[in-house]
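Take a look at the structure set out below.
The values are calculated or read from the model by the stated rules, or taken from the named source; none is laboratory data. This one's a predicted model, so the numbers in the text were calculated from it and none came from an experiment. With ideal geometry, Cβ positions are generated from the backbone for all residues, glycine too; neighbour counts draw on all protein chains shown. These accessible areas exclude ligands, DNA and RNA; they are computed on the full protein's heavy atoms, side chains included. Shrake-Rupley method; radii C 1.70, N 1.55, O 1.52, S 1.80 Å.
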Amino acid sequence: MDGQATKGLISFFQDIPDHRARNRQFRLIDLFAIAVMAVICDAQDWTDVATFARIRKEWLDTFMELPGRTPSSSTFRRMFRRLNPDAFEKAFEAWIGSFGVTLSGQHVCIDGKTLRQSFEHAWDKGSMAHMVSAFITADGKVVSQVQCSGKGKELEAIKHLLTLMDAHNAVVTIDALGCQKEIAAQITRAGGDYVLAVKDNQPSLHQAMERNIGEMILDGFKDVPHGKHVTTNGGHGRTEIRRLWVLNSFDWLPMRDQWPGLRSLVVAESQRKLSGSQTCSVERRCFISSIANPDAESMAQYVRGHWGIENNLHWQLDMTFREDESRIRTGHGAENFSRLRRMALNILKADPQKMSVKTKRKAAGWDPGYL
């Protein structure tokens, strides 16, 4: 009756290499499908996954080739800590393509997240796994991810992630860590555009932009062609005014020819004032972009939209999936379980029913038909 339940999923993951011993009792694809469904239903570790399989065995038997018993937590732990993460990622990306998801014309955010409890020894927290994800802002789906060992290796992970993506006709936004000439070149070679945050890791560029554009702002951009976008928001006892300026001509920038594809500069300013207070805080952020002649409003959407990866991915993984509390840490286990979470999140977001992700997980656990 439920034979179609995992057919689409299995078709993309059934060819992942199986490195287990020849006397294995469970098919890899059955273990994989159980793990995905268990994570959808709020499983936090391999013990939870094994418990899900035991409780739902009668239902699983309708479409899986299970022997007389269900897999133990040790079976899942061994399998996923040995599972090749590159093969898993390749299958993941093929599966994402089955949703009709393409990067062309999309805003793609790239950012990293540390799995905070994934260290093997308390005295060596530098061994914590760090996942760098590519995230589409329009529909909130993760399209690719790679692991690196700690934040210090995140830059190399970003470069590797870009090689896995088809960034043609996409707009890629990255925070200041990714503001590197090599990354700018990588994106433009692929036929995409970039919007990169500029901070003190590029001191000459940052200082030149802050000094010159700051003077232009004070002078009201007198005789300087530019675009401008302003929004005002109120609430929670404060008023926030956001201003953004775009420059398409910047002959005054000494290093303009050093950045591949550089066509526009952006400065965003946030002015916050608490109700009843006479003081306000002002923050300015600088960006470089390969987008030619962008209008200020669309650029403001890219700048603001980049933080959607924090709210719609990282926050969901921490608060709904409790990722920061996970103690899975041996072999490739932490990385692969993190990928299972992202798969589950994509599946839950693809469901059109008007429920929160948290409620959908509960509904899937309570109702096998909905699962």
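The set of residues in region 303-312 that are outside any helix (DSSP H, G or I) and modelled with pLDDT of 85 or more contains only His306.
Looking only at region 325-333, decide whether some residue is among the β-branched types (Val, Ile, Thr), crowded, with 17+ Cβ neighbours inside 10 Å and not in a loop (DSSP other than H, G, I, E, B). Within region 325-333, not a single residue is among the β-branched types (Val, Ile, Thr), crowded, with 17+ Cβ neighbours inside 10 Å and not in a loop (DSSP other than H, G, I, E, B). Within region 52-73, the residues that satisfy the criterion of being open to solvent by less than 50 Å² (accessible area, probe 1.4 Å) and not in a loop (DSSP other than H, G, I, E, B) are Phe52, Ala53, Lys57, Trp59, Leu60, Ser73.
The set of residues from region 322-371 being aromatic (Phe, Trp, Tyr) and farther than 20 Å from Ile96 by Cα comprises Trp366, Tyr370.
All told, Val266 meets the bar of being surrounded by 12 or more Cβ atoms within 10 Å (Cβ to Cβ), on the phi < 0 side of the Ramachandran plot, at pLDDT 90 or above and within 25 Å of the chain's Cα centre (by Cα).
What strands (runs of 3 or more DSSP E), lying completely within region 175-269, carry at least 1 residues that are more than 22 Å from Asp111 (Cβ to Cβ)?
227-235, 238-247
Please work out if Ala350 is more than 27 Å from Arg81 (Cα to Cα) and in contact (Cβ under 8 Å) with a residue 40 or more places away in the chain. Yes: the conditions hold for Ala350. Any residue in region 160-177 that is among the acidic types (Asp, Glu), without any contact (Cβ under 8 Å) to a residue 12 or more places away in the chain and surrounded by fewer than 23 Cβ atoms within 10 Å (Cβ to Cβ)? No, every residue in region 160-177 fails to be among the acidic types (Asp, Glu), without any contact (Cβ under 8 Å) to a residue 12 or more places away in the chain and surrounded by fewer than 23 Cβ atoms within 10 Å (Cβ to Cβ). Applying the condition of being open to solvent by 50 Å² or more (accessible area, probe 1.4 Å) and acidic (Asp, Glu) to region 218-263 and asking which residue is farthest from Ile291 (Cα to Cα) yields Asp219. Residue count for region 74-84 under the criterion of being part of a helix (DSSP H, G or I), touching a helix residue (DSSP H, G or I) at 6+ places or on another chain (Cβ under 6 Å) and either at pLDDT 95 or above or open to solvent by less than 30 Å² (accessible area, probe 1.4 Å) (or both): the result is 3. Assess whether Trp315 counts as being modelled with pLDDT under 90, open to solvent by 20 Å² or more (accessible area, probe 1.4 Å) and within 14 Å of Val195 (Cβ to Cβ). Considered against the rule, which asks whether it is modelled with pLDDT under 90, open to solvent by 20 Å² or more (accessible area, probe 1.4 Å) and within 14 Å of Val195 (Cβ to Cβ), Trp315 comes out as no.
Taking region 92-106 as the range and being open to solvent by less than 20 Å² (accessible area, probe 1.4 Å) and farther than 17 Å from Thr163 by Cβ as the test, only Trp95 passes. When the criteria are applied in full, Ala87 fails the requirement of being surrounded by fewer than 16 Cβ atoms within 10 Å (Cβ to Cβ), within 29 Å of Asp139 (Cα to Cα) and touching a Phe, Trp or Tyr at 6+ places or on another chain (Cβ under 8 Å).
Residues in region 274-295: is at least one assigned to a helix (DSSP H, G or I) and open to solvent by less than 20 Å² (accessible area, probe 1.4 Å)?
No: region 274-295 contains no residue that is assigned to a helix (DSSP H, G or I) and open to solvent by less than 20 Å² (accessible area, probe 1.4 Å).
Give the residue that is modelled with the lowest pLDDT, with candidates limited to residues of region 95-146 that are over 18 Å from the mean Cα position of the chain (by Cα), polar (S, T, N, Q) and within 17 Å of Ala334 (Cα to Cα). Only one residue tops the list, namely Ser118. Scan region 334-357 and give yes if some residue there is part of a helix (DSSP H, G or I), over 19 Å from the mean Cα position of the chain (by Cα) and surrounded by 15 or more Cβ atoms within 10 Å (Cβ to Cβ), otherwise no. So far as region 334-357 goes, no, none of its residues is part of a helix (DSSP H, G or I), over 19 Å from the mean Cα position of the chain (by Cα) and surrounded by 15 or more Cβ atoms within 10 Å (Cβ to Cβ).
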